[in-house]
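Data block below; observations after.
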Amino acid sequence: QKEVEQNSGPLSVPEGAIASLNCTYSDRVSQSFFWYRQYSGKSPELIMSIYSNGDKEDGRFTAQLNKASQYVSLLIRDSQPSDSATYLCAVNGGGSNYKLTFGKGTLLTVNP
Amino acid sequence: GAVVSQHPSWVICKSGTSVKIECRSLDFQATTMFWYRQFPKQSLMLMATSNEGSKATYEQGVEKDKFLINHASLTLSTLTVTSAHPEDSSFYICSARGTSGRVGNEQFFGPGTRLTVL
């Protein structure tokens, strides 16, 4: 059973702070890792993808991957109230069907 | 780029009726489409994977005769909830994956369809 674990939160940070979201996965052969943002009542929106160990930066977002530790994280710098949402970690095990396994999500609240 | 649409965005129906939901990739060819269901305050649950021109692959516990999936073209997949009951009320979301490049590696989600069965 492939599992993706996230702290459910809620995680509350003040505006302008760094929000740190964490995710661990059980399947060692996983190859692709994604962070989705989901606002209440909306569908998920892809914000970051990462495929190799290390850091990947895109604007205020940085994804970090450590395959040896089976750990992937998302840092949000200069957090804004508009970042308040549920963040979903998703892992692709690398099979030909490209299925994603999602974590339960971490609810982030950025306080003005 | 990589836009996925769904129709309808919401639907209310009576128990026992069937509801069809359409998922379209607007600016890329989707060789694979995925159908998810999400209950309130829960994560996404994959229902089935559909590849263009072939039968869908259903996840364990999902009734294939109740949730009919058709992926007849590279831009359209449909999910039909047959004989819907109140317990089928949920948020149904599709995603699509293309053949190469960014759309080949990532899944892009439609806006979702909220189904309420009375």
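Could you tell me which of the residues B:6, B:60, B:29 is in contact with a Cys (Cβ under 6 Å, 6 or more places away or on another chain) and not hydroxyl-bearing (Ser, Thr, Tyr)? Let's see the steps before the verdict.
Values: B:60 fails: in contact with a Cys (Cβ under 6 Å, 6 or more places away or on another chain); B:29 fails: in contact with a Cys (Cβ under 6 Å, 6 or more places away or on another chain).
Residue meeting the stated conditions: B:6.
If you go through the range A:51-87 and keep only what is farther than 21 Å from residue A:14 by Cα, of a type in the set (Gly, Ala, Ser) and within 14 Å of chain B (Cβ to nearest Cβ), you end up with just A:52.
The set of residues in the range A:83-112 that are touching a residue at least 24 places away in the same chain (Cβ under 8 Å) and among the polar types (S, T, N, Q) comprises A:84, A:86, A:92, A:101, A:106, A:109, A:111.
Results for (1) surrounded by 20 or more Cβ atoms within 10 Å (Cβ to Cβ); (2) under 13 Å from the mean Cα position of the chain (by Cα); (3) more than 14 Å from chain A (Cβ to nearest Cβ), shown as yes or no for each residue.
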{"site": "B:77", "(1), (2), (3)": "yes, yes, yes"}
{"site": "B:87", "(1), (2), (3)": "no, no, yes"}
{"site": "B:93", "(1), (2), (3)": "yes, yes, no"}
{"site": "B:98", "(1), (2), (3)": "yes, no, no"}
{"site": "B:105", "(1), (2), (3)": "no, no, no"}
{"site": "B:111", "(1), (2), (3)": "no, yes, no"}
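Which numbered condition trips up residue A:62, out of (1) of a type outside the set (Phe, Trp, Tyr); (2) surrounded by fewer than 18 Cβ atoms within 10 Å (Cβ to Cβ); (3) more than 29 Å from residue B:94 (Cβ to Cβ)? Failing condition for residue A:62: (2). Is there a residue in the range A:51-69 that is under 23 Å from residue B:49 (Cβ atoms) and either assigned to a loop (DSSP other than H, G, I, E, B) or in contact (Cβ under 8 Å) with a residue 12 or more places away in the chain (or both)? Checking the range A:51-69: at least one residue is under 23 Å from residue B:49 (Cβ atoms) and either assigned to a loop (DSSP other than H, G, I, E, B) or in contact (Cβ under 8 Å) with a residue 12 or more places away in the chain (or both). The strands (runs of 3 or more DSSP E) found entirely in the range A:11-50 that carry 2 or more residues being away from every other protein chain (no Cβ under 14 Å) and of a type outside the set (Ser, Thr, Tyr) are A:11-14, A:19-25. Residue B:92 satisfies every condition listed in (1) part of a loop (DSSP other than H, G, I, E, B); (2) closer than 20 Å to residue A:102 by Cα except (1).
Residue count for the range B:51-69 satisfying the condition of being under 17 Å from residue B:112 (Cα atoms) and either within 11 Å of chain A (Cβ to nearest Cβ) or aromatic (Phe, Trp, Tyr) (or both): 1.
Is it the case that residue A:73 is in a loop (DSSP other than H, G, I, E, B) and not aliphatic (A, V, I, L, M)?
Details: in a loop (DSSP other than H, G, I, E, B): no; not aliphatic (A, V, I, L, M): yes.
When the stated conditions are applied, residue A:73 does not pass them.
Candidates B:73, B:90, B:83, B:54: the one that is out of contact with any strand residue (DSSP E or B) (no Cβ under 7 Å at 6 or more places or on another chain), at pLDDT 95 or above and farther than 19 Å from residue A:49 by Cβ is B:83.
Annotation note: of A:74, A:46, the sole residue that is closer than 30 Å to residue B:6 by Cα, hydrophobic (A, V, I, L, M, F, W, C) and modelled with pLDDT of 95 or more is A:74. If the condition is being within 11 Å of chain A (Cβ to nearest Cβ), over 17 Å from residue B:99 (Cβ atoms) and either surrounded by fewer than 22 Cβ atoms within 10 Å (Cβ to Cβ) or modelled with pLDDT of 95 or more (or both), then the range B:24-47 contributes B:36, B:38, B:40, B:41, B:42, B:43, B:45, B:46.
Filtered by the rule that a residue be surrounded by fewer than 13 Cβ atoms within 10 Å (Cβ to Cβ) and either at pLDDT below 95 or touching a helix residue (DSSP H, G or I) at 6+ places or on another chain (Cβ under 7 Å) (or both), the range A:16-35 gives A:28, A:29.
The values are calculated or read from the model by the stated rules, or taken from the named source; none is laboratory data. All values reported here derive from a predicted model rather than from experimental measurement. Ideal geometry is used to build each Cβ from the backbone, glycine not excepted, and the neighbour counts take in all protein chains shown.
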